[in-house]
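Bear in mind that the values in this text are calculations on the coordinates, not laboratory data. Source: prediction; values computed, not measured. Ideal geometry is used to build each Cβ from the backbone, glycine not excepted, and the neighbour counts take in all protein chains shown.
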Amino acid sequence: MKVAIIGSRGQLGQDLVKTAPSQLDLVTFTRGDFDITDRIDVFDFLAGEEKFDVVINTAAFHRTDQCEDEPEKAFLVNATGVKNLAEACDKANAILIHISTDYVFDGGKIKTKEPYYEDDAPNPVNIYGVSKLAGEYIVRNYLEKYYIVRSSSLYGVAGASGKGGNFPYTILKKAKAGEKLRVVDDMYMVPTHTFDLAQGIWRLLLERHPYGVYHITHEGYCTWYEFAVKILETVGLKADIEPVKHTAFPTRAKRPLWSVLGTRKGVKLPPWEEGLRRFVDMIN
Ligand SMILES: NC(=O)c1ccc[n+]([C@@H]2O[C@H](COP(=O)([O-])OP(=O)(O)OC[C@H]3O[C@@H](n4cnc5c(N)ncnc54)[C@H](OP(=O)(O)O)[C@@H]3O)[C@@H](O)[C@H]2O)c1
């Protein structure tokens, strides 16, 4: 099976490459090879002479606050770029695996603290979420052979190139510099290690789950403060850390206070604490 990975230098992209089952024939693409917003290049690379059975799209414009200031760019990459990929996959008869986000939900389920499942109605509260949801609808409505994989709060050894790092690296850097940490304790999510997510994506494909929308995150949930405390504990670092409300850090984009994903189908990952232990072992 010949598989194209788009965004292969990103944190999820690198872990997809690392964890790819050996029977797959991988071809990796970075933004230097082509930009997904360039329709002609997308068709040349994905629906030209070289034929792919599967295309995995990890590319996105996902700086959430910047998306508020640059909505055109958010829609260009997260929706129009995805349309290019969907049409190229349609032409090449390839399966598209497209990565989406917990930010398609509004956080209203905080009242019951139940996870969001695949059949819950999305209602994004920021431009990033709206543009990613637009990308999802394009995939669903242009293709029959697709997997939309929603995940949340990603971190991996490579760090997100689109965000300039990730949460664990920021916490560790500040703690090592002896800085006081103030971390939001009223915003809940599922921190997800991209190494484990990548393995989940390969299983989804190779176990031939029915096409559709899937949530893949670790099990359980926590606040960003609880995640930070667990990072320090797992690494064995002491720091002065204070829980604060999200209102202590005003941001351009509104964010859901509860974006915990759950699933009753597809593949399951171990608890988030286990993903974090694996990450810490990898960076030590
Ligand atoms: N990070 C999170 O917390 C999070 C949470 C939920 C869902 N997601 C979704 O998960 C996916 C992967 O995230 P990630 O953290 O692995 O991101 P990442 O590290 O920023 O990787 C994305 C990769 O895509 C490339 N890229 C960006 N725009 C492109 C374009 N227009 N054309 C071609 N390539 C482009 C980037 O190249 P450059 O390095 O050259 O910019 C980068 O290598 C995204 O779809 C994101 O929306 C992320």
- If one compares the long axis through the Cα atoms of helix 81-92 with the longest principal axis of the Cα atoms of the chain, the angle in degrees, nearest 10, works out at 40 degrees
- Item | FRET efficiency, 1/(1 + (r/R0)^6) with R0 25 Å, evaluated for residue 68 and residue 39 via beta carbons | 0.45
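With 30 Å as the limit, write out which pairs from 2/254; 111/174; 113/254; 18/173; 109/163 have Cα-Cα distances beyond it, or answer none.
Values: 2/254 40 Å; 111/174 33 Å; 113/254 19 Å; 18/173 25 Å; 109/163 27 Å.
Correct reply: 2/254; 111/174.
For the pair residue 113 and residue 249, what calculated FRET efficiency results from E = 1/(1 + (r/R0)^6), where r is the Cβ-Cβ distance and R0 = 25 Å, to the nearest 0.05? Spell out each step's value before the answer.
Values: r = 23 Å, r/R0 = 0.91.
So, using R0 = 25 Å, E works out to roughly 0.65.
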- Note on the structure: Label model pair residue 90, residue 182: point-to-point distance (7 angstrom along the Cα→beta-carbon line) in nm is 5.0 nm
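Under the 0.36 nm per residue contour assumption, what length would be gained going from the current alpha-carbon distance of residue 50 and residue 283 to full extension? It would help to have the intermediate numbers written out before the result.
Numbers: separation 233, 0.36 × 233 = 83.88 nm, distance 3.64 nm.
Stretched fully, the residue 50-residue 283 segment lengthens by 80.2 nm.
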- Over all distinct alpha-carbon pairs, what is the Kirkwood Rh of the chain in angstrom? 19.2 Å
- Item | Selected from 236, 156, 262 as most flexible by GNM, with the chain as the system and alpha-carbon contacts under 10 Å | 236
- In percent, how large is the relative contact order of the chain, given Cα pairs closer than 8 Å and 6 or more residues apart? 22 percent
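Using a ≥ b ≥ c from the Cα gyration tensor of the range 40-106 (square roots of the eigenvalues), is it rounded, prolate or oblate, where a/c under 1.5 gives rounded and otherwise the larger of a/b and b/c decides, a/b for prolate? The partial results should precede the final answer.
On the way: a/c = 3.20, a/b = 1.95, b/c = 1.64.
Since a/c reaches 1.5 and a/b is larger than b/c, the shape of the range 40-106 is classed as prolate.
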- Task: Work out the length of the dipole vector of the chain about its Cα centre, built from +1 on the beta-carbon of each Lys and Arg and -1 on the beta-carbon of each Asp and Glu, and round it to the nearest 20 debye.
- Result: 560 debye
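For the range 1-66, give the magnitude of the charge dipole about the Cα centre (Cβ charges: +1 Lys/Arg, -1 Asp/Glu; no others), in debye to the nearest 20.
Numbers: 7 positive and 11 negative charges, 49 e Å.
That gives a dipole near 240 debye.
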- Task: For the range 137-232, go through all pairs of different Cα atoms, get the mean of 1/r, take its inverse, and jot down that Kirkwood value in Å.
- Result: 15.3 Å
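Restricting to the chain, what percent of DSSP beta bridges are antiparallel, rounded to 5?
Working: 3 of 35 bridges.
Roughly 10 percent of the DSSP beta bridges within the chain come out antiparallel.
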- Using only Cα atoms, locate the centre of the range 92-138 and the centre of the range 1-64, then give the distance between them in Å, rounded to an integer. 22 Å
- Name the shape class, rounded, prolate or oblate, that the alpha-carbon gyration tensor gives for the range 227-284, where a ≥ b ≥ c are the square roots of its eigenvalues, rounded holds for a/c under 1.5, and otherwise prolate holds if a/b is larger than b/c and oblate otherwise. oblate
- Item | Leading residue at positive end of dipole, the chain (Cβ point charges), from 225, 57, 158 | 225
- Task: Return the whole-Å distance between the Cα centroid of the range 161-201 and the Cα centroid of the range 252-284.
- Result: 10 Å
- Item | Residues whose placed amide H lies under 5 Å from that of residue 99, excluding near-sequence neighbours | 57, 149
- Message: Once you keep just the Cα pairs under 8 angstrom separated by 6 or more residues, what percentage relative contact order results for the range 118-262?
- Response: 35 percent
- Packing-based order for 110-118, 61-69, 193-201, using average beta carbon neighbours within 10 Å, highest first: 193-201, 61-69, 110-118
